[in-house]
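Before any comments, here is the structure.
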Amino acid sequence: MPRFRAILDTMPPYKAGKAVVSSDGRSYKLSSNESPYDPLPSVVEAIAEGARQINRYPDPAAIKLTEAIAERFGVPAEHVALGAGSVTVAQQLFETVSEPGAEVIYAWRSFEAYPLLADLAGVTSVRVPLVNEEHDLDAMAAAITDRTRMIFVCNPNNPTGASIRRQELESFLDRVPGDVLVVLDEAYREYVRDADVPDGLELYRDRPNVAVLRTFSKAYGLAGLRVGYLVAHEPVAAAVRKVIIPFAVNHLAQIAAVASLKAEDELLERVDVVVKERTRVREALLAQGWTVPPTEANFVWLRLGERTLDFAAACAVEGVSVRPFAGEGARVSIGDPDANDAFLKAASEFPRS
Ligand SMILES: *Cc1c(COP(=O)(O)O)cnc(C)c1O
């Protein structure tokens, strides 16, 4: 029997959202925060055209995509680093800081990939509990030790949807020592409408220890192709580029991401529709008597405690898959109006307490 790393025995496996089907054949996948829309025809066309070149390796430096991101956001190309989804960029970040004894701080509950990546990298996770579904930035600052190498701040937070305001985040960043990297995970940035929730791309400019993580998986609808990126000052971006597995971002992903930036206006119109649906869904839930924290992302959060799995089962009867966290609550993505209506029906029939 080969001997494996001991951590593999205790690591929680990543649980991806699943689809369910109702007895009459309906299926609404609201468990992975995906875009509910079909890909844009212009993006599909670009991918089809790119398929003619797949006998060749992709551009390892992804120059076209890197330049398109740099131009779109008004940052130097040297500040951009790519990965096969932002989860992989996050893994690359762990690779850059992980030494025996290193600690990485993040809020909990937050994105379920963080503990997994920390365990894989062999670093110690320091989890700081949420307060009222929000990051407790004072407690996170207090948790910094001389072993802290990195802090993840997920804004808006997955799975609660709660967001950190500008002043709060700035004063936190001012308290973090310059040799500790702060990663602002902004996977849902495009869905933010509260002007007081800061754009990480503004915050990173005069802060060499701040990195911004973004993805094409959610608002841009490319979850199936795996492409994400980081924007940070050159030493951080260069370190993240250094640890990428060669050719990780495949040719079709590069092409689709460039095409998506070209078609951004169209994609952001779709995001607007999702944001309107988010308001409709949350207000309907509040009217039904649920407690729903304000959300700036493409999902809502219901703290159901011990009833979480029963709630997920009740939604499944309607063909609605949600993302349950046993004993805590359920995250429900905002889908198209039909899917949202199916979810609201299931929620209306489930006892409030
Ligand atoms: C969905 C999500 C990601 C993006 O993952 P990809 O690997 O880019 O698909 C990153 N961070 C958070 C918090 C997420 O919810």
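Residues checked against (1) buried (at least 19 other Cβ atoms within 10 Å of the Cβ); (2) away from the ligand (no atom under 16 Å from the Cβ):
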{"position": "GLU67", "(1), (2)": "no, yes"}
{"position": "GLN92", "(1), (2)": "yes, no"}
{"position": "ALA102", "(1), (2)": "no, yes"}
{"position": "SER110", "(1), (2)": "yes, no"}
{"position": "LEU117", "(1), (2)": "yes, no"}
{"position": "LEU120", "(1), (2)": "no, no"}
When the residues of the stretch 230-248 are filtered to those that are over 18 Å from the mean Cα position of the chain (by Cα) and assigned to a loop (DSSP other than H, G, I, E, B), which remaining residue is farthest from the ligand (Cβ to nearest atom)? HIS233
Against the condition of a type in the set (A, V, I, L, M, F, W, C) and surrounded by 22 or more Cβ atoms within 10 Å (Cβ to Cβ), how does ALA232 come out, does it pass? yes
Name the single residue, out of those in the stretch 218-229 being part of a loop (DSSP other than H, G, I, E, B) and not basic (Lys, Arg), that is surrounded by the fewest Cβ atoms within 10 Å (Cβ to Cβ). GLY224
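Here is a yes/no grid of residues against (1) more than 24 Å from THR295 (Cβ to Cβ); (2) touching a Gly at 6+ places or on another chain (Cβ under 9 Å):
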| site | (1), (2) |
| --- | --- |
| ASN157 | no, no |
| TYR188 | no, yes |
| GLU202 | no, no |
| PRO208 | yes, yes |
| ALA219 | no, no |
| ALA238 | yes, no |
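Just one of SER23, SER42, SER35 is among the hydroxyl-bearing types (Ser, Thr, Tyr), farther than 24 Å from LEU117 by Cα and not in a loop (DSSP other than H, G, I, E, B); which is it? If you could, list the steps in order and put the result at the bottom.
Numbers: SER23 fails: not in a loop (DSSP other than H, G, I, E, B); SER35 fails: not in a loop (DSSP other than H, G, I, E, B).
Selected residue: SER42, the only one of SER23, SER42, SER35 that is among the hydroxyl-bearing types (Ser, Thr, Tyr), farther than 24 Å from LEU117 by Cα and not in a loop (DSSP other than H, G, I, E, B).
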For the stretch 122-147 the number of residues that are among the polar types (S, T, N, Q) and surrounded by 21 or more Cβ atoms within 10 Å (Cβ to Cβ) is 0
Can you tell me which residue among LEU203, LEU213, LEU169 is aliphatic (A, V, I, L, M) and closer than 27 Å to LEU252 by Cα? LEU213
Check the stretch 150-161 and report whether any residue there is in contact with a strand residue (DSSP E or B) (Cβ under 7 Å, 6 or more places away or on another chain), at pLDDT 95 or above and surrounded by fewer than 23 Cβ atoms within 10 Å (Cβ to Cβ). no
Within the stretch 144-153, can one find any residue that is free of Cβ contacts under 8 Å to residues at least 24 places away in the same chain and either part of a loop (DSSP other than H, G, I, E, B) or acidic (Asp, Glu) (or both)? yes
Please work out which residue is nearest to VAL332 (Cα to Cα), limiting yourself to the stretch 273-316 and to residues that are free of Cβ contacts under 8 Å to residues at least 24 places away in the same chain and in a loop (DSSP other than H, G, I, E, B). VAL292
Among the candidates VAL274, VAL258, single out the residue that is touching a Phe, Trp or Tyr at 6+ places or on another chain (Cβ under 8 Å) and either modelled with pLDDT under 95 or more than 24 Å from LEU181 (Cα to Cα) (or both). VAL274
Checked against (1) within 26 Å of ALA84 (Cα to Cα); (2) part of a helix (DSSP H, G or I), ALA187 satisfies every condition except (2)
So for the stretch 199-217 (the condition being of a type outside the set (A, V, I, L, M), surrounded by fewer than 24 Cβ atoms within 10 Å (Cβ to Cβ), within 11 Å of the ligand (Cβ to nearest atom) and in contact (Cβ under 8 Å) with a residue 60 or more places away in the chain), does at least one residue qualify? yes
Under 8 Å between Cβ atoms, at least 6 apart or on separate chains: pull out the pairs that start in the stretch 103-124 with a residue that is under 16 Å from VAL180 (Cα atoms) and in contact (Cβ under 8 Å) with a residue 24 or more places away in the chain and end on any residue that is part of a helix (DSSP H, G or I) and among the aromatic types (Phe, Trp, Tyr). VAL104/PHE94; VAL104/TYR114; TYR106/TYR114; ALA118/PHE94; VAL123/PHE94
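The values are calculated or read from the model by the stated rules, or taken from the named source; none is laboratory data. Since the structure is predicted, the reported quantities are computational estimates derived from the model, not experimental observations. Backbone-built Cβ (ideal geometry, glycine too); neighbour counts: all protein chains shown.
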